[in-house]
Amino acid sequence: MLYPDIKQNHTHWLPTEDGHTLYVEESGNPKGYPVIYCHGGPGGASTPMFRRLFDPEVYRIIIFDQRGCGYSEPFLSLHNNQTDKLIDDIELIRTRLHLKKFLLSGGSWGTTLALLYAQSYPQHVSALLLRGVFLGRQKDLAWLYEPNGAARLFPDYYRQFCQHINPELNTKLGHQQIIEQYYELLTSNNEIRKLAAARAWCLWESQIAYLHFTNELEARSCEAHHALAMALMECHYFRNHCFIEENQILNNIERIQHIPATIIHGRYDAVCDLNQAWELSEVWQNSRLLIVPNAGHSLGEPLIADAFCQAARSMARYLLEQEDKTLK
C-alpha cells in the first residue's frame, strides 16, 4: 500500500518575514515532478509516512510543518499565525525551491489550505490531490463539535469530551462556546489543566477518525507534544472561523475550475462528513471524487492510504504526459 520508508535528501529552515521559521524537507527524486503535501490540523505535523505516499522514483516530495507546530519555530506560537500567512508560507517554499508548477496535496485541514492556496495562486498549481476534505464552514465545525453531528454516532466519546469542560453536559452549548471554553483552558497558566484539555480535545477527534480505534492509537493521540499543538492550533483557528469568509472555498471555485483534481474520502468519515467532499466535487467540473468504502477519516486507515497511493500514481502518469505535450 505504501512505498518503502526513505530518508530526507535535504532539510531546510526557511525564515519568514514575521518571526517564524519553517521546517521543510525534500525526499524522493531530486529531478522528479514536485509535489508539496500539506498536513492536517491545524496543528498537526509532517511525518515520515507522508514520504511513503508518493513514488520516490517519480516525485520530488516536499513536506513541511506549518507555523507553531512540528519542528517549525517558535513552537505553539499564535503570533502571526493565520490562514493567509500559511498561504504565504507555501508560496515562500515554492519560490525558495524554484518551483514553477507543482502538484499540491493534503489531508483534512491540509485540503483546506491546499484549496485556498490554489485559489490564490492558480498559475502555479498543475493539479490537486486531496484526502478527507474540510471546507472550514460553520456547519462543518458544528458537525464536529455539537450534539447533532458526529456526537450522534459516538455519544459515549462525546460525553467524555464535553464533561471535561462542562460536567452537566449542557447540550445547549454551540460549537463556538465549546471551542471558546477549550481555548481558555489551553491558553491558561495552569500547565496540568492545559495538558489535560489538550489530550481530551485530541482524543475526541482521534476516536472518531478511525473505524476501529485502539489503545495504541489513543496513546499516540494523547502524546503531549502532539496534543498541545493540535488542540491549541485547532482552537485558535476554529474560534476565528479559520480566518476565512464563510463558504469561501465554494464561492471561489471558478478560480480553479481548470485545474484537475482527485478527491479521496472515506464513506464513514466522522471528522469531515462525506457531504463536504460531495459538495466540492459537484461544483468542481474538473475534479474526480473517489469514495472509499469501509473507511473513515484517517490516513492511517489502510484503505485510505492505498487509495491515496493509487491516485498519486495515476496523477504522476497524467502530469508527465502533460509535461511531454508541453515540451513537444
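Would you list, by chain and number, the lysines whose Cα falls below 29 Å from the Cα of Lys325, excluding same-chain residues fewer than 8 positions away?
Correct list for Lys325: Lys31, Lys100, Lys101.
Taking the Cβ of each residue in Ser46, Ser281 as the centre, tally the other Cβ atoms inside 10 Å and list the residues starting with the fewest.
Going from sparsest to densest Cβ surroundings: Ser281, Ser46.
Could you tell me which of Met233, Leu217, Gly174 has its Cα farthest along the dipole of region 139-242 towards the positive end, charges placed at Cβ (Lys, Arg +1; Asp, Glu -1), taken about the Cα centre?
Gly174
Just how large is the dipole of the chain about the Cα centre, in debye to the nearest 20, putting +1 at every Lys and Arg Cβ and -1 at every Asp and Glu Cβ? Let's see the in-between values first.
On the way: 29 positive and 37 negative charges, 125 e Å.
Approximately 600 debye in magnitude.
Which order do Ile291, Ile304, Ile61 fall in if you start with the one that has the fewest other Cβ atoms within 10 Å?
Ile291, Ile304, Ile61
If you rank Trp109, Trp143, Trp13 by fewest surrounding Cβ atoms within 10 Å, what's the result? Please list the in-between numbers first.
Working: Trp109 28, Trp143 20, Trp13 11.
Fewest to most other Cβ atoms nearby, the residues stand as Trp13, Trp143, Trp109.
In µm²/s, what is D for region 139-242 at 10 °C and 1.306 mPa s, where D = kT/(6 pi eta Rh) by Stokes-Einstein and Rh is the Kirkwood radius from Cα pairs? Display every interim value, and only then the final one.
Working: Rh = 13.7 Å.
Calculated translational D: 116 µm²/s.
Among the trypsin sites (Lys or Arg not before Pro) in region 223-302, which ones are in a DSSP loop with at most 13 other Cβ atoms within 10 Å of the Cβ? Mind listing them?
Details: sites: Arg239, Arg255, Arg267, Arg288; in loops: Arg239, Arg267.
Answer by residue number: Arg267.
Could you run the Debye sum over the Cα atoms of region 114-164, one equal point scatterer each and no solvent, and tell me log10 of I(q)/I(0) at q = 0.14, 0.16, 0.17, 0.24 Å⁻¹, two decimals?
Normalising to I(0) and taking log10 leaves -0.54, -0.62, -0.65, -0.89.
With n ≥ 4 as the cut-off for DSSP H runs, can you work out [θ] at 222 nm for the chain, using -39500 (n - 2.57) per run divided by the number of residues, rounded to the nearest 500? Before the final figure, lay out each step's value.
Details: 12 runs with 138 residues, N = 328.
Helices in the chain give a 222 nm mean residue ellipticity of -13000 deg cm²/dmol.
Which of the aspartates and glutamates could a cross-linker span from Lys139 if the Cα-Cα distance has to be under 20 Å and same-chain partners fewer than 8 positions apart are dropped?
Leaving aside aspartates and glutamates fewer than 8 places away in the same chain, those within reach of Lys139 are Glu180, Glu205, Glu234, Glu245, Glu246, Asp269, Asp273, Glu279, Glu282.
Provide, in order from the shortest bin, the percent of all Cα-Cα pairs of the chain in each 10 Å bin, continuing until the bin that contains the maximum pair distance.
Taking all Cα pairs of the chain, the binned fractions are 6, 27, 37, 23, 6, 1, 0 percent.
The numbers here are math on the coordinates, done by the rules we state, and not lab data. Every value quoted in this text rests on a predicted model; they were computed, and no experiment measured them. Cβ sites come from the backbone with ideal geometry, for glycine too, and all protein chains shown count toward neighbours.
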